[in-house]
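Quick notes on the structure that follows.
All of the numbers you see were taken from the coordinates with simple rules; none came from a lab. Note that this is a predicted model, so its numbers are computed, not measured. Here the Cβ is made from the backbone with ideal geometry for all residues, glycine too, and neighbour counts use every protein chain on show.
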Amino acid sequence: MTARNGDERRRDLSGQGYCVARDVLDTDMLRRVTTACDAALDALPPEHLEAQRSTGSMISVYEDPFFAELVAHAPALRALRDLGFDRPAWSSGFIISKPPGGPPLFWHQDWWGWESAHSYGEAPQQLFLMYYLVDTTPENGCLRVVPGSHLRRHALHDAVPDAHTDALRRADDADHAAYAAADGEVDLCVKAGDVVIGDSRILHATHPNASDHRRTVITLWYHPLFHELPEPMRAALSKPNPQRDAWPESARDRIAALIPTYDGDADPLPWNRTPGEDLRASEGA
Ligand SMILES: O=C(O)CCC(=O)C(=O)O
């Protein structure tokens, strides 16, 4: 994929649901992030990977305050600013590592706010920043996406209404539609240190990892227009966070400007990860 300028990336994100910012991690930061991830992965009990065979590991970045540095990484915040988002908030993140021989990740989307009419409009509620620590290819488990599926219904929305089930995580049935080729899918191969920025509503999956090496990604969840979100959504995102509170002060200070806060009295939006009928197949359909 050739490098895209800021305007093109903005158009890619709103129309296709994703864009790529190049070289967001320099060699030193890439090495430090890889060291932190490898330490967390090497400490995992085997049961963890068995329960998450399709995903690979699922380790919260709150487990290591080092990741505050990545959350507040200036080049990443610049990439968001270039997209028009200069007041992002950040809520969570995970180290997701597909071991050699790992099966494909199931098709899914990650947004949980489908109870709100806001989730059916163009503005993004939540973005992922996915940092791959090795160059990705279809052979080692690169990301697959269905462009435009953040705004338009796709057959997968009905075939796999909520993919986050234990059976799909374990990859019990390799022939399930959740792992199959999908209409309109594209491979998203990137270089180590690039970041894929995507709308949390986009349908995405991965290829299996047929290489001899770990394929690790860190997914961080930002809310690019937090201050414009409906109050119940802001209330849900601003709930107390004991894991974050347990970070040392230096780590909390680093991310202080990114902490979602809401001081109104709206009830938090209920969690619903299944898009309703208002997600239409195409405009006017
Ligand atoms: O493992 C990957 O490449 C994708 C991870 C993913 O789907 C996610 O973080 O939502």
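Along the chain, counting only GluC sites (Glu not before Pro) with a DSSP assignment other than H, G, I, E or B and at most 13 other Cβ atoms inside a 10 Å radius, the longest segment between sites is 140-276. At an R0 of 25 angstrom, the distance between the Cβ atoms of residue 231 and residue 257 translates into a FRET efficiency of 0.75.
Taking a ≥ b ≥ c as the square roots of the eigenvalues of the Cα gyration tensor, the chain is rounded, since a/c falls below 1.5.
Stretching residue 174 away from residue 31 to a fully extended chain increases their span by 48.1 nm, per 0.36 nm per residue minus the current alpha-carbon distance.
Rounded, prolate or oblate, given the Cα gyration tensor of the range 161-276, with a/c below 1.5 counting as rounded? Prolate. Shape class of the range 156-224 from the alpha-carbon gyration tensor: oblate, with a/c at 1.5 or above and b/c at least as large as a/b.
Set Lys and Arg Cβ to +1 and Asp and Glu Cβ to -1, take the dipole of the range 21-258 about its Cα centre, and tell me which of 149, 202, 225 lies farthest positive. It is 225, whose Cα lies furthest towards the positive end.
In this structure, residue 241 and residue 3 have a Cβ-Cβ separation that, at R0 = 41 Å, corresponds to a calculated FRET efficiency of about 0.70. Between residue 43 and residue 86, the simple label model (points 7 Å from Cα in the Cβ direction) yields a spacing of 4.0 nm.
Think of the range 12-143 as a dipole: +1 on every Lys or Arg Cβ, -1 on every Asp or Glu Cβ, centred on the Cα centre; then among 66, 45, 121, 121 lies furthest on the positive end.
The charge dipole of the range 21-258, taken about the Cα centre with unit charges on the Cβ atoms of Lys, Arg (+1) and Asp, Glu (-1), comes to about 380 debye, rounded to the nearest 20.
Per residue of the chain, the DSSP helices (runs of n ≥ 4 H) give a summed -39500 (n - 2.57) that works out to -6000 deg cm²/dmol at 222 nm.
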